[in-house]
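Below is one structure, written out as structure tokens; the observations come after it.
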Amino acid sequence: MEPRKCFAEIDLNALSGNLGVAREKTGSGRSILAVVKADAYGHGAVTVSKHLIREGVSVLGTAFTGEAAALRESGITVPIVVFFDRDNIDAYFRYGLTPVVSDLATAGRFSAEARRRNRLIAIHIKIDTGMSRIGFDTDRARRDIPEIACLQNIRLEGLMSHFSDADLEDKEFANRQLKDFISLSDELRRKKITFRYYHMANSAAVISMPDAHLNMVRPGIMLYGYSYPDAEGLKPVLSLKSGILLLKKVPAGTPVSYGRTFITKRESIIATIPAGYADGYSRRLSNTGEVLISGRRAPLAGRVCMDTIMADVTHIPDVSYASEVVLIGRQGNEEITAEEIARKTGTITYEVLTSIGQRIKRVYKP
């Protein structure tokens, strides 16, 4: 362990188990596109991707070409679908990446570059069924996709869309999105325009919308142990752990941290822990967050600092410099999840996980 002591432990066995839950939900015969964008949701994209490939995943998904290029440079050769990057066309050819296309002009640019290089490029076409982020609206798709199908050196590999609220109990809008996507797919088939993959199901739809599984699914957050709605068998993959930088006994009436927002009411033992908001540990946890030490919860004392937090450990009799501190994860019978932190900070688990900074070393547990 580095002297700084704070690190993220990534449980690859839990990752395998979560992939197994996705497979159990979707059944055999469906391809899985594993979403590893944003450094695999903060878990380390290279190691996570290589492990998923060993577990049988054959397609990966990133947000931008730079993320995909880093995977290629690590030796990963499976197809990588890039969701959002319509520029950097050279990178698609240099690294053998698969673009997601949302307009006719971009498809034309890929076709022209493929002809210039005497290459064939596979593309996925995105349909906007209600997210209003990227993608052809269905009317334009009906006009433009037949033109794309006629472009030279283009192979239509995937037709995709994305749910805006498949995580809600009320599935009315999600079902409407799915109906529109299937209707367009069927219309294109009647025109002899077909794709190898049809995919729309994110983690929430993998769990709660079996009709949306089509022939490919795109699990993301569920691979890392979280999802809405909950799925039985998912286990958080990431734990955030640290040691203790300093233990200090202080008298009653002692202010702790910036702004003196916490003042001890008794003689107290304050533990200083080397993790702060520069590491992605939210300042909103000031005076409300907790850590685990010796299997017990210890409340934060005062404001979260850039590099440190302080916890009141007066009630923990065996605390020492050898004690392990858990900021996210399980210790004994207690557990602090990224979901709990998200509730306390008014955000979502995605942000909690992806905010963990790069100066926090990732340590992989087989």
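If ALA201 satisfies all but one of (1) in contact with a strand residue (DSSP E or B) (Cβ under 9 Å, 6 or more places away or on another chain); (2) of a type outside the set (Val, Ile, Thr); (3) surrounded by fewer than 21 Cβ atoms within 10 Å (Cβ to Cβ), what's the number of the condition it fails?
Only one criterion is unmet by ALA201, namely (3).
Only one residue in ALA342, ALA311, ALA338 is free of Cβ contacts under 8 Å to residues at least 12 places away in the same chain, small (Gly, Ala, Ser) and assigned by TED's automatic domain parsing to the domain that holds THR288. Which one?
ALA342
Go through the range 68-118 and report how many residues are within 17 Å of ILE154 (Cα to Cα) and aliphatic (A, V, I, L, M).
Summing the residues that are within 17 Å of ILE154 (Cα to Cα) and aliphatic (A, V, I, L, M) in the range 68-118 gives 13.
Just give me the residues in the range 263-309 being surrounded by fewer than 17 Cβ atoms within 10 Å (Cβ to Cβ), in a loop (DSSP other than H, G, I, E, B) and of a type outside the set (Asp, Glu), in sequence order.
Of everything in the range 263-309, those that are surrounded by fewer than 17 Cβ atoms within 10 Å (Cβ to Cβ), in a loop (DSSP other than H, G, I, E, B) and of a type outside the set (Asp, Glu) turn out to be LYS265, ARG266, ASN287, THR288, GLY295, MET306.
Regarding GLY280, is this residue in contact with a strand residue (DSSP E or B) (Cβ under 7 Å, 6 or more places away or on another chain) and among the small types (Gly, Ala, Ser)?
Values: in contact with a strand residue (DSSP E or B) (Cβ under 7 Å, 6 or more places away or on another chain): no; among the small types (Gly, Ala, Ser): yes.
So GLY280 fails the test.
Consider ARG303 carefully, then state whether it is closer than 22 Å to TYR350 by Cα and modelled with pLDDT of 95 or more.
Judged against the criteria, ARG303 is not a match.
Among the residues in the range 55-76, are any in contact with a Phe, Trp or Tyr (Cβ under 9 Å, 6 or more places away or on another chain) and among the basic types (Lys, Arg)?
Yes: the range 55-76 contains one or more residues that are in contact with a Phe, Trp or Tyr (Cβ under 9 Å, 6 or more places away or on another chain) and among the basic types (Lys, Arg).
Kindly indicate the residue of the range 125-134 that is under 21 Å from the mean Cα position of the chain (by Cα) and under 27 Å from ASP90 (Cα atoms) and also surrounded by the fewest Cβ atoms within 10 Å (Cβ to Cβ) among those meeting that condition.
By that ranking, first place goes to ARG133.
Can you name the condition, by its number, that ASN88 falls short on among (1) on the phi < 0 side of the Ramachandran plot; (2) surrounded by 16 or more Cβ atoms within 10 Å (Cβ to Cβ); (3) of a type in the set (S, T, N, Q)?
The one condition ASN88 does not meet is (1).
So, in the range 138-159, how many residues would count as being touching an Asp or Glu at 6+ places or on another chain (Cβ under 9 Å) and surrounded by fewer than 15 Cβ atoms within 10 Å (Cβ to Cβ)?
1
Would you mind telling me which numbered condition in (1) surrounded by fewer than 18 Cβ atoms within 10 Å (Cβ to Cβ); (2) in a loop (DSSP other than H, G, I, E, B) VAL319 fails?
With respect to (1) surrounded by fewer than 18 Cβ atoms within 10 Å (Cβ to Cβ); (2) in a loop (DSSP other than H, G, I, E, B), VAL319 is out only on (1).
Considering only residues that are of a type in the set (Val, Ile, Thr) and touching a helix residue (DSSP H, G or I) at 6+ places or on another chain (Cβ under 7 Å), which ones fall in the range 103-131?
ILE121, ILE123, ILE125, ILE127, THR129
Select from the range 210-269 the residues that are touching a residue at least 60 places away in the same chain (Cβ under 8 Å) and more than 34 Å from the chain's Cα centre (by Cα) and list them in ascending order.
LEU247
The values are calculated or read from the model by the stated rules, or taken from the named source; none is laboratory data. Only a predicted model underlies this, so the values are computations on that prediction, with no experimental measurement involved. A quick note on method: Cβ atoms are made from the backbone with ideal geometry, for glycine too, and the neighbour counts reach across all protein chains shown.
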